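Quick note: the coordinates plus some simple rules give every number you see, no bench work behind them. Note that the structure is predicted; figures quoted are calculated from it, not measured. Please note: Cβ atoms are built from the backbone with ideal geometry, for glycine as well, and neighbour counts cover all protein chains shown.
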Amino acid sequence: MQRYFIQPEGFSADHVTITGDDAHHLIRVMRAKAGDRAIVSDGCGREAVVVVRSLEGGEVTADVEAWLPPDREPGVDVWIAQSLPKGDKMELVIQKGTEIGAARFIPFSSARTVVQWDAKKEGKRLERWQKIAKEAAEQAHRNRIPSVDSVQSWKQLLKLAAEADAAWFCYEKQDAQELRSLIRSALGKTGRADRPSGEAGSSRDRERLQLLIIVGPEGGFSEREAEEAEQAGCRPVSLGKRILRTETAAMVGLTCILYEAGEMGGEE
Ligand code: SAH
């Protein structure tokens, strides 16, 4: 069954209104007709099987047949802060991070970021990254679309880090700490993050752990940045003895966190 993420305002109590590219896809590509079914999600926890009722003027109206439980989202929000990598590697980080279960991507520039960020092009690139997150979330059958922030400066990122329950910067130099013990203490040693309950935005949701993992550019972090990050309350963590490419590091950190949180399949 085809799956679509639509804006929350497209949802009402008993029907949905699908517009834009998604309506175009249903009408032109899927040649949908009244009575056909699809799965529609608002990207923040509401998801339903809907039955097409009408297809007029480039819009599709469909009745909710059954609400689906949001059960594919991890019980912990992992935010990936990625220093802008060269080429289109950011797209890879967003696509793979979404498939694995990241909740948020925060692109940032740091001392050794090679990519010269052109604010004029920012809008286009941000739109493309958000489209990649949406498409990867649809393919992964996720209930939420991870958010993609605009590009932050190093200072802005360190301020953002204070909003997370724990912030770890991936540091391949010596004196970085073992990620597993840090994750376990952040998870409160339960080994399993509390599962979210019910609709998005419920009080349990607000209790969801928010863990930030920060990855440097191809040239790594400067000594000064490592000091500043620690002063801002971020802990240096190791991702093992091998040196990972920048686009690999976040995937490893994300997977370790979700693994320790019991989010990688099977029931305890
Ligand atoms: N300075 C490295 C390259 C940086 S790799 C070199 O000597 O070649 C890019 C980023 O990936 C780093 O800034 C760091 O955030 C992360 N990273 C790579 N390998 C890592 C490891 N083994 N432990 C922790 N972080 C790592």
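The dipole here belongs to the stretch 3-67: it is taken about the Cα centre, uses +1 on the Cβ of Lys and Arg and -1 on the Cβ of Asp and Glu, and is about 280 debye.
Only one residue of Ala161, Leu244, Asn143 has its Cα farthest out toward the positive end of the dipole of the stretch 76-260, where Lys and Arg carry +1 and Asp and Glu -1 on Cβ, and that residue is Asn143.
Could you tell me what percent of the DSSP beta bridges with both partners in the chain are antiparallel, to the nearest 5? If I count the DSSP bridges inside the chain, around 45 percent turn out antiparallel. Sparse packing (at most 15 other Cβ atoms within 10 Å of the Cβ) combined with a DSSP loop state is found for the following trypsin sites (Lys or Arg not before Pro) in the stretch 87-119: Arg112.
So what is the 222 nm mean residue ellipticity for the chain from helices alone, if each DSSP H run of at least 4 adds -39500 (n - 2.57) and you divide by all residues, rounding to the nearest 500 deg cm²/dmol? Walk me through the numbers on the way to the answer.
Values: 8 runs with 82 residues, N = 268.
Result for the chain, helices only: -9000 deg cm²/dmol.
Assign unit charges at the C-beta atoms only (+1 for Lys and Arg, -1 for Asp and Glu), then state the dipole size of the stretch 76-260 relative to its Cα centre in Debye, rounded to the nearest 20.
Values: 30 positive and 27 negative charges, 58 e Å.
Around 280 debye, computed over the stretch 76-260.
Estimate the FRET efficiency between Gln231 and Asp14 by the formula 1/(1 + (r/R0)^6), using the beta-carbon distance for r and 45 Å for R0, to the nearest 0.05. Mind showing how you got there, number by number?
Working: r = 53 Å, r/R0 = 1.18.
About 0.25, to the nearest 0.05.
Distance between the C-alpha centres of the stretch 60-93 and the stretch 107-185: 13 Å, rounded to the whole angstrom.
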